[in-house]
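The values are calculated or read from the model by the stated rules, or taken from the named source; none is laboratory data. Worth saying up front: this structure is predicted, and the values here are computed from it rather than measured. Glycine gets a Cβ as well: all are built from the backbone with ideal geometry, and neighbour counts include every protein chain shown. Heavy atoms of the whole protein, side chains included, go into the accessibility calculation; ligands, DNA and RNA do not. Shrake-Rupley method; radii C 1.70, N 1.55, O 1.52, S 1.80 Å.
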Amino acid sequence: MAQNVDQIKDHVELFHQPEYQELFQGKKQFEDCHSADEVARVAEWTKSWDYREKNFAREALTINPAKACQPLGAIFAASGFEETLPFVHGSQGCVAYFRTHLTRHFKEPFSAVSSSMTEDAAVFGGLQNMIDGLANSYTLYKPKMIAMCTTCMAEVIGDDLQAFIKTSKEKGSIPEEFPVPYAHTPSFVGSHITGYDNMLKGILTNLTEGKKAESTNGKWNFIPGFDTYTANNRELRQILNLFDIDATILADNSDTFDSPNEGEFVMYQGKTTLEEAGDSINAEGTIALQAYSTTKTREYIEKDWQQPTTVLRPFGIQGTDAFLQKLSEISGKPIPRELEIARGRAIDAMTDSQAWIHGKSVALYGDPDLVYGLVSFLLELGAEPTHIVVTNSNDVFAAELQALLDSSQYGANAKLWPGKDLWHLRSLMFTEPVDLLIGNSYGKYLWRDTKTPLARIGYPIFDRHHLHRYPTLGYAGALNLLNWIVNTVLEDLDRKTIIPAKTDISYDLIR
């Protein structure tokens with residue numbers, strides 16, 4: 001047995017073994033493949049302007065869009081609340097996809113259930129699935145709240161969540177008073193940030209019903225948005241504590257996706273209590289750290305709660321400055337010396353590294369708020385954003401980003417490509433090459449094809465570990481972003497100067 005264990009190989013090595021290479025060669029005679037020369041010819045053509053025009057003319061096909069679907073964002077939002085079980089009304093395969101997508105990024109187990117709709121439910125509706133599913137979830141997993149969203153199947157057949165939940169309570173699946181907020185999250189429209197927004201609004205609508213008081217509670221609400229950097233909520237909390245601001249984070253899932261291993265599994269790690277969330281209707285105001293994953297929630301808060309909302313993105317130097325000035329205003333306290341020192345350190349680090357980043361052209365992609373923060377930071381460094389792909393863009397974001405680009409000489413050559421995907425970006429990078437690429441793990445295919453160095457920033461990041469454990473907001477976040485960007489540039493420089501006696505003329509120890 002020990003000898004067999006010693007022979008186990010990682011798949012990277014396994015498929016290079018002779019038996020597998022022989023298998024691959026044998027398959028080719030049955031696949032009617034094109035010749036190697038023809039494959040090489042077509043591959044080269046895909047790098048041309050001619051192919052770029054045909055690529056951008058396509059309408060019915062999407063290849064590697066920089067977005068996921070609504071239920072993913074919905075269960076992400078739900079996971080930030082105390083002892084809350086995300087419940088996806090739809091097929092079992094869908095919820096398995098959402099769970100694994102989050103698990104592969106965070107390297108953490110993620111709990112969510114489904115009503116397990118199959119062909120019968122697709123024809124007759126999913127009411128009985130929900131009745132049984134809610135009863136089983138309540139009995140087996142003992143949550144304090146079940147947050148429900150939908151998949152394509154439930155939306156296409158028109159299942160009414162409000163009516164189904166009401167019927168399930170009447171049938172005794174769960175107690176009448178048990179909270180089951182819900183959101184309709186069809187995957188065929190919007191994206192994961194839309195699902196986050198819909199679910200957060202649904203949860204707040206449910207938990208705050210009938211709890212409006214005559215006076216405020218003196219607290220402030222902060223909404224992180226669809227932010228997958230778990231350390232950001234901790235950094236936010238630390239900054240708020242320095243100002244002595246009594247705050248409620250809606251919703252804080254930092255422990256859900258970055259939990260300690262203490263020898264015992266804890267199913268629910270959401271840090272925002274249901275009581276805090278219910279009382280958030282009485283806060284002084286709400287500050288969202290993202291605009292486009294909180295649109296409907298902010299509209300609801302302003303209209304129904306009669307509570308002011310503000311969007312502030314504390315990323316880079318200017319974004320963090322504006323955020324801290326707002327905190328100073330609402331707290332009536334000066335910016336703490338500790339944060340002034342942190343600002344100085346971030347600026348000093350930027351000064352140390354700017355020579356390697358200044359003037360570099362950059363292609364980047366991701367969600368609207370992430371891209372906005374990255375572009376703002378790149379402009380501060382003197383880098384030149386060039387190709388900007390935001391699949392889940394809209395007209396409001398396009399105008400906001402263009403105003404940011406117009407505010408700096410380094411944004412003059414930038415172009416936003418709303419609604420485009422990573423195959424479009426590939427054409428852009430071949431026809432108009434850039435020095436650096438910033439985005440999630442799917443960019444490694446662009447790195448492989450175009451040889452453009454990739455700084456992995458965003459979601460999902462499957463092929464690197466622990467990056468989500470570092471903050472990206474505040475001055476500490478600026479240091480991390482700088483670190484990832486400048487060291488990607490330097491690592492690529494080393495790769496390009498590594499051949500002895502050929503390219504190693506400037507293979508320096510010191511950069």
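Any chance you could count how many residues in the range 198-218 are of a type outside the set (Gly, Ala, Ser), open to solvent by 10 Å² or more (accessible area, probe 1.4 Å) and in contact (Cβ under 8 Å) with a residue 24 or more places away in the chain? So the count comes out to 9.
Looking at ASN480, ASN413 in this structure, which one is out of contact with any helix residue (DSSP H, G or I) (no Cβ under 8 Å at 6 or more places or on another chain) and closer than 27 Å to PRO224 by Cβ?
Values: ASN413 fails: closer than 27 Å to PRO224 by Cβ.
Going through ASN480, ASN413 in turn, the sole match is ASN480.
Of all residues in the range 454-464, those being surrounded by 19 or more Cβ atoms within 10 Å (Cβ to Cβ) and either of a type in the set (Lys, Arg) or not in a strand (DSSP E or B) (or both) number 5.
Counting the residues of the range 246-294 that are modelled with pLDDT under 95 and surrounded by 20 or more Cβ atoms within 10 Å (Cβ to Cβ) gives 1.
Annotation note: Cβ proximity below 9 Å between a residue of the range 388-406 that is within 17 Å of GLY439 (Cβ to Cβ) and touching a residue at least 24 places away in the same chain (Cβ under 8 Å) and a residue that is polar (S, T, N, Q) and not in a loop (DSSP other than H, G, I, E, B) (sequence gap 6+ or interchain) occurs for ASN392/THR194.
Among the listed residues ILE146, ILE165, identify the single one that is touching a strand residue (DSSP E or B) at 6+ places or on another chain (Cβ under 6 Å) and of a type in the set (Val, Ile, Thr). It would help to see each step written out before you state the result.
Working: ILE165 fails: touching a strand residue (DSSP E or B) at 6+ places or on another chain (Cβ under 6 Å).
After applying the criteria, what remains is ILE146.
Here are some residues: PHE257, PHE265. Which one is among the aromatic types (Phe, Trp, Tyr), under 26 Å from PHE178 (Cα atoms) and within 15 Å of the chain's Cα centre (by Cα)? Within the list PHE257, PHE265, the selection yields PHE257. Residues in the range 324-356 that are part of a helix (DSSP H, G or I), of a type outside the set (A, V, I, L, M) and either more than 21 Å from LEU378 (Cβ to Cβ) or without any contact (Cβ under 8 Å) to a residue 24 or more places away in the chain (or both): GLN325, LYS326, SER328, GLU329, SER331, ARG337, GLU338, GLU340, GLY344, ASP348, THR351, ASP352. Sort out which residues of the range 227-245 are in a helix (DSSP H, G or I) and either surrounded by 19 or more Cβ atoms within 10 Å (Cβ to Cβ) or under 21 Å from the mean Cα position of the chain (by Cα) (or both), and write them in order of number. ALA231, ASN232, ASN233, ARG234, GLU235, LEU236, ARG237, ILE239 - these are the residues of the range 227-245 that are in a helix (DSSP H, G or I) and either surrounded by 19 or more Cβ atoms within 10 Å (Cβ to Cβ) or under 21 Å from the mean Cα position of the chain (by Cα) (or both).
With the requirement that a residue be acidic (Asp, Glu), part of a helix (DSSP H, G or I) and in contact with a Ser or Thr (Cβ under 9 Å, 6 or more places away or on another chain), what does the range 366-425 give you? Spell out the reasoning first.
The first filter runs over the range 366-425 and keeps only residues acidic (Asp, Glu), leaving 367, 369, 380, 384, 395, 400, 406, 421.
Add one more test, that the residue is part of a helix (DSSP H, G or I), and what stays is 369, 380, 395, 400, 406.
Those that are acidic (Asp, Glu), part of a helix (DSSP H, G or I) and in contact with a Ser or Thr (Cβ under 9 Å, 6 or more places away or on another chain): ASP369, GLU380.
In the set (1) outside any helix (DSSP H, G or I); (2) aromatic (Phe, Trp, Tyr); (3) more than 21 Å from the chain's Cα centre (by Cα), the condition left unmet by TYR300 is number (1).
Condition check: among the small types (Gly, Ala, Ser) and free of Cβ contacts under 8 Å to residues at least 60 places away in the same chain. Does ALA96 satisfy that? If you could, list the steps in order and put the result at the bottom.
Values: among the small types (Gly, Ala, Ser): yes; free of Cβ contacts under 8 Å to residues at least 60 places away in the same chain: yes.
Answer is yes for this residue.
Within the range 61-92, the residues that satisfy the criterion of being touching a strand residue (DSSP E or B) at 6+ places or on another chain (Cβ under 8 Å), crowded, with 21+ Cβ neighbours inside 10 Å and in a loop (DSSP other than H, G, I, E, B) are ALA66, SER79, GLY80, GLY90, SER91. A single member of TYR445, TYR475 is aromatic (Phe, Trp, Tyr) and crowded, with 22+ Cβ neighbours inside 10 Å, and it is TYR475. When the range 15-60 is filtered for residues that are aromatic (Phe, Trp, Tyr), assigned to a helix (DSSP H, G or I) and open to solvent by 70 Å² or more (accessible area, probe 1.4 Å), the ones remaining, listed by number, are PHE24, PHE30, TRP45, TRP49.
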